[in-house]
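First up is the structure itself, then whatever we jot down about it.
The values are calculated or read from the model by the stated rules, or taken from the named source; none is laboratory data. No experiment lies behind these values; they were computed from the predicted model shown. Every residue, glycine among them, receives a Cβ derived from its backbone with ideal geometry; neighbour counts consider all protein chains shown.
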């Protein structure tokens with residue numbers, strides 16, 4: 001179960017980033033709140049709030065994965081963490 005603070009952060013996060021995946025929500029919540037919330041806990045909170053599962057095609061998945069890999073490589077080459 002999420003604390004009120006973390007739950008409010010999650011709702012705010014989704015207002016600005018409605019297309020985030022669970023792992024992205026987990027990472028951002030950790031940065032904002034300093035807590036380690038599991039993906040299943042985030043999913044339960046979202047489902048209880050009326051959110052539905054985001055379906056991603058295989059083509060879209062691989063495109064996103066390649067984009068993330070390129071972003072990580074770019075950030076690593078610039079020294080940004």
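Residue 78 satisfies every condition listed in (1) surrounded by 10 or more Cβ atoms within 10 Å (Cβ to Cβ); (2) modelled with pLDDT under 80 except (1).
One line per residue, one yes/no per condition, for (1) at pLDDT below 85; (2) in contact with a helix residue (DSSP H, G or I) (Cβ under 7 Å, 6 or more places away or on another chain):
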| position | (1), (2) |
| --- | --- |
| 2 | yes, yes |
| 9 | yes, yes |
| 17 | yes, no |
| 21 | yes, no |
| 26 | no, yes |
| 31 | no, no |
| 38 | no, no |
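Among residues of segment 33-53 that are loosely packed, with under 10 Cβ neighbours inside 10 Å, those with a Cβ under 7 angstrom from a residue that is in a helix (DSSP H, G or I) and at pLDDT 85 or above, sequence gap 6+ or separate chain, pair up as 36/30.
Evaluated against (1) out of contact with any helix residue (DSSP H, G or I) (no Cβ under 8 Å at 6 or more places or on another chain); (2) modelled with pLDDT under 85; (3) not in a loop (DSSP other than H, G, I, E, B), residue 44 falls short on exactly one condition, (2). Restricting attention to segment 50-61, the residues that are more than 16 Å from the chain's Cα centre (by Cα) and modelled with pLDDT of 70 or more total 1.
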